[in-house]
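The values are calculated or read from the model by the stated rules, or taken from the named source; none is laboratory data. Fair warning: this is a prediction, and the values are worked out from it, not measured in the lab. Neighbour counts are summed over all protein chains in view; Cβ atoms, including those assigned to glycine, are modelled from backbone coordinates with ideal geometry. Ligands, DNA and RNA are excluded from the accessible area calculation, which covers all protein heavy atoms including side chains. Shrake-Rupley method; radii C 1.70, N 1.55, O 1.52, S 1.80 Å.
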Amino acid sequence: MTGRKTAAEVFDALAGRYEEAFGAVPAQREALDWLAARLPRGARVLDVGSGTGRPTAETLARAGCEVTGIDVSPEMVALARTRVPGARFEQADVRTWTPPGPGGFDAVCAFFPLLMMDQREVGACLERMASWTVPGGYLVVATVPGDIDALDIEFMGHEVTVSS
């Protein structure tokens, strides 16, 4: 494939359309309801690949959680800040981000943010996210099932390379 863009560039371009396509996935909503029922008010939650903030950050902030979202796309972060004012968002890459201050998160959520990495990076990011979760906390991850490494596909009109 030609015309390869970074994940940030792809998701900047998709920012306006992404929520329409993926903002109401039933299995994700079920997982968020399951998690929200187990977290106390004030629980610290990290939303990795937060996108527009919907549905993950929005659902958990409404449940009384203190939510931080990170995303590589500045456009997604800008949308999230306006759409989910009850959470905090920053532009950051999960591969290099360092959590602020002491302590960890009661839950770390990652709904599909690892797809545009190679398998080695995916494994390293899973280890990083697990290390940010307090003992007894939750790591909630969704990805495409399959043993895939560096597969070229078209995603919402963009040429990308994905792994899982």
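Remarks
- Dipole moment magnitude, nearest 20 debye, region 7-162 about Cα centre, only Lys, Arg, Asp, Glu C-beta charged: 840
- Protein heavy-atom surface of the chain, 1.4 angstrom probe: 54% of the accessible area is carbon and sulfur, with nucleic acids and ligands not counted.
- Residues Asp33, Asp47, Asp147 ordered from highest to lowest accessible area at a 1.4 Å probe: Asp147, Asp33, Asp47.
- Ranked by how many other beta carbons lie within 10 Å on average, peptides 51-63, 117-129 from highest: 51-63, 117-129
- Those residues of region 108-144 whose amide nitrogen sits under 17 Å from the label point placed on Thr6, 7 Å along Cα→Cβ: 114-118
- Computed over the chain, the alpha-carbon pair-distance distribution with 5 angstrom bins reads 2, 9, 18, 22, 22, 15, 7, 3, 1, 0, each value a whole percent.
- For region 92-164 versus region 37-89, the gap between their alpha-carbon centres in whole angstrom: 16
- Between 0 and 90°, nearest 10: helix 7-22 axis offset from the chain longest Cα axis: 70
- Angle between the chain longest axis and helix 119-131 axis [Cα atoms, degrees, rounded to 10]: 10
- Dipole axis of region 79-164 (+1 Lys, Arg; -1 Asp, Glu on Cβ), positive-most option in Pro102, Ile148, Ser163: Pro102
- Accessible surface of Ile148 - all protein chains present, 1.4 Å probe, nearest 10 Å²: 40
- Accessible area (Å², per residue) of the chain, counting only protein heavy atoms and a probe of 1.4 Å: 50
- Sorting the segments 97-109, 78-90 by their residues' average number of neighbouring beta-carbon atoms within 10 angstrom, most packed first, yields 78-90, 97-109.
- What the Cβ-Cβ distance of Ala150 and Glu66 gives, at R0 = 41 Å and to the nearest 0.05, is a FRET efficiency of 0.65.
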